[in-house]
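Written below as structure tokens is the structure these notes are about.
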Amino acid sequence: MAHERLATTFSLIINQYTRTFLKMSRGAIKILSTISEVRFDDLLDKKLFGLENVDGTFRKVHEQNGSILWNISIERKMKRRKLEGNFLALQSGESVYLITGQPTEFLNDGLLYLAQKMYPELITAYVTSEEIHEILESFSKAVEVELFYTKFVAKKMFGKSATDISFATKREPKEYDPYTEAYKKARSQGLWIDAIKVFSKSAPIKFSIYRNGVFKYYCGTFETYYNLLLSEISRFHAQRLKRFENRGRRDQPKRQPNPLLMKFDSKVFEDVAIRKQLIGVIGDYDHCSYSVLYGGNPHVYLSIVDRIDNSSFSLRTYGPDSIVIVPQVKSTKAALMRFSKHLLNNFREGVISNFAA
Amino acid sequence: METSEENLEQRKNRKQSEIRRYYQTVLLTIGLKDLFGTTATDLRFVSAEPKFATSKNLSEILPDAVFQYDNDNHGILCEIKTSMPYPDYFLLEEFRQLERYSEDVKGWDTSTKEVQNHDILLLCHVMDSDRIVNKISDWISKGEINFKKQFCISEWGTVESLKFGERDVILIRHKFGETGCVSFNQKLRENIKLDVDGLVTQYEECRFTRKEPPVEYIMVQLWTCIFPALTEKTEDFEINITDLLKVAYDYYIPWSGIEGEYSQIRKTWITKAMDKFCEISLAEKVEDRPENYLIYYGKRIEKNVTEYFVEKTCRKDIEREQKIGTKEALEEAQKRLSEFKQ
């Protein structure tokens, strides 16, 4: 489901918009990658503008070869203030990119809030630390430039913030290290890259990429990033969604369970305390009911209900380094995506595959 | 004197332990089926849902698992216990029930439904096994109980470390007596290791044995697995017991017995669980439709729902006990009696 290159007219229009955004904000263009099978304007009508605290307008800017661009203004009433801003939404097939030049606050309280409200019809992407590495590698190869990092944020188990964040100190441009060094540093400390900001010394390229599906660029054209980088995020997202598709038992010919295995890179569950802490991580999962049937020795077994769309699945630690997620009667790809993202952010990064006992 | 809070804590711990043990018992039963149902051994697992009756007076007996060996000429009736009572009176009662397995029984997986002879195997939890062996030795020597068949006790328990090649296992160990199957006795003496990690998928389909689980175990299965299958949204909804049973039958009980006469989950268990939901204000009976319930599924339970259900039901039990003998309790009993008569 990787998206097509944009038609020339389309590219010109978006490049023009984003250039204006960049000039106005003197900051970065922020892009949130999402997926939806529903037309975005329908989602706006049904899911967003019906909310009491959100108002707005939108208009279609351009439509060509199955891609549509909208310009949207929203106003969100918050407790003590009002958030206003505008953004573009580009839908190409099932990929939907929310693009804005507004400050980061608008990204966090506006676009991410909006995406949350449109869930499960709209699913926010995430990429793993290793996928970011692959994306940087292929981008660097495609544009034939070396990428250097100016800073990275790394996380360790249980997604603890502040103290786990490592910033490289700012030095002269010639002293910056290639992004691969950031990975070496993080891996040597058992950390995962959560976000990384890179640039080229020889071309107008400077951007940040985050595991939570956010991409920011500070110079260069939208078209370049769209064709070479967002397409990769979209590809990883689509692959993951495909893995989560039709997992519910009612979707199976013999109603059999169709489990997933999440394998970690170390034997974390050898420590009983970690098994018990995993229960705490599930307890912190938003919009869920969970029940612990067996709590920690020698394994953890619990059931989870996603209270947004009533998907349910069970989770069991499996051996010293894995967990098995077993979708129950009804289990949507959106719920599995949201849950796996929660584990990525709050437990640790793992590789997901089909489970075979 | 024990305060009601201490009483509550003790009850909650006991109940949580019963739920864990029941979960383990399901794994144990599946593990036995897995080990003796698929590999070529002298002994074969026949069923976990048999329909047996004594040959003499056709009274029903309900073992938890059935094995056959010696080319199906001999069998083993197996009783699995998650826990055994402490007071001698009740423990002896349990054994008297087991004594009934000594009679010749019909229902085996043979053309005549009979075997030449059979043995009795009691699998009890490792925390109970020493006590049980001491008691039974004593009672057998005093003639209090008399098993007319070969009788064997083994203990089962999980191993609380991942030391068996990093796999999670249930161990079954010989404790007392023998079965008539020499190779099986040998296996018991060498410790049978059931690979629990290998049972992940099976547990998803078989969540019950024929033993009635603690009511909270069923409440959890209903709340987290069966209710979500019946409603698209997390909000209050009305449900019929038959619909709940259908989901349970369709997804959670694929044991294949001799004739599959029995279903592992019973309507009475579900009804009891639904009544408990009513008692803790998470459901309400629908007037004029006796098998229908309005479930307050929109209620958000912040914490572990197992803990929540256990706490609520234990509190209700304590309240009920405190009422015993009071005027209020008498009035309630009279009200129930008149409802029953109607």
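The values are calculated or read from the model by the stated rules, or taken from the named source; none is laboratory data. Keep in mind that this is a model prediction, so the values were computed, not measured. So basically every Cβ, Gly included, is an ideal-geometry build from the backbone, and we count neighbours across all protein chains shown.
Kindly evaluate B:I265 against the criterion of being hydrophobic (A, V, I, L, M, F, W, C) and at pLDDT 80 or above.
Numbers: hydrophobic (A, V, I, L, M, F, W, C): yes; at pLDDT 80 or above: no.
So B:I265 does not fit the description; no.
Identify, please: which residue in region A:249-305 is more than 8 Å from chain B (Cβ to nearest Cβ) and at positive phi and is, among those, modelled with the highest pLDDT?
Step by step, filter region A:249-305, then rank; the result is A:H287.
Please state which of the following conditions A:R243 fails to meet, knowing it meets all the rest: (1) in contact with a strand residue (DSSP E or B) (Cβ under 9 Å, 6 or more places away or on another chain); (2) assigned to a loop (DSSP other than H, G, I, E, B); (3) more than 12 Å from every other protein chain (Cβ to nearest Cβ).
(2)
Conditions: (1) out of contact with any Phe, Trp or Tyr (no Cβ under 9 Å at 6 or more places or on another chain); (2) surrounded by 17 or more Cβ atoms within 10 Å (Cβ to Cβ); (3) in contact (Cβ under 8 Å) with a residue 60 or more places away in the chain. B:Y297 meets all but one. Number of the miss?
Every condition holds for B:Y297 apart from (1).
Are any residues in region B:293-325 more than 25 Å from B:K15 (Cβ to Cβ) and away from chain A (no Cβ under 14 Å), and if so, which ones? Walk me through how you get there before you give the answer.
Step one: list which residues in region B:293-325 are more than 25 Å from B:K15 (Cβ to Cβ), which gives B:294, B:298.
B:L294, the sole residue that qualifies.
How about region B:213-229: which of its residues are touching a Leu at 6+ places or on another chain (Cβ under 8 Å) and more than 10 Å from chain A (Cβ to nearest Cβ)?
B:L222
For region B:168-200, enumerate the residues that are assigned to a helix (DSSP H, G or I) and basic (K, R). Write out each step before concluding.
Here is the first cut: in region B:168-200, the residues assigned to a helix (DSSP H, G or I) are B:182-189, B:196-200.
Of everything in region B:168-200, those that are assigned to a helix (DSSP H, G or I) and basic (K, R) turn out to be B:K187, B:R189.
Can you name the residue in region B:86-121 that is part of a helix (DSSP H, G or I) and more than 21 Å from the chain's Cα centre (by Cα) and is also surrounded by the most Cβ atoms within 10 Å (Cβ to Cβ) among such residues? Don't jump to the end; show me each part of the working.
Going through region B:86-121, the residues part of a helix (DSSP H, G or I) turn out to be B:88-102.
So of that shortlist, the ones also more than 21 Å from the chain's Cα centre (by Cα) come out as B:88-89, B:102.
On the way: B:D88: 12, B:Y89: 7, B:S102: 19.
So, considering only residues that are part of a helix (DSSP H, G or I) and more than 21 Å from the chain's Cα centre (by Cα), the one surrounded by the most Cβ atoms within 10 Å (Cβ to Cβ) is B:S102.
Could you say which residue among A:S312, A:S234 is more than 11 Å from every other protein chain (Cβ to nearest Cβ) and of a type in the set (S, T, Y)? Before you say what the answer is, go through the steps one by one.
Working: A:S312 fails: more than 11 Å from every other protein chain (Cβ to nearest Cβ).
Answer to the selection: A:S234.
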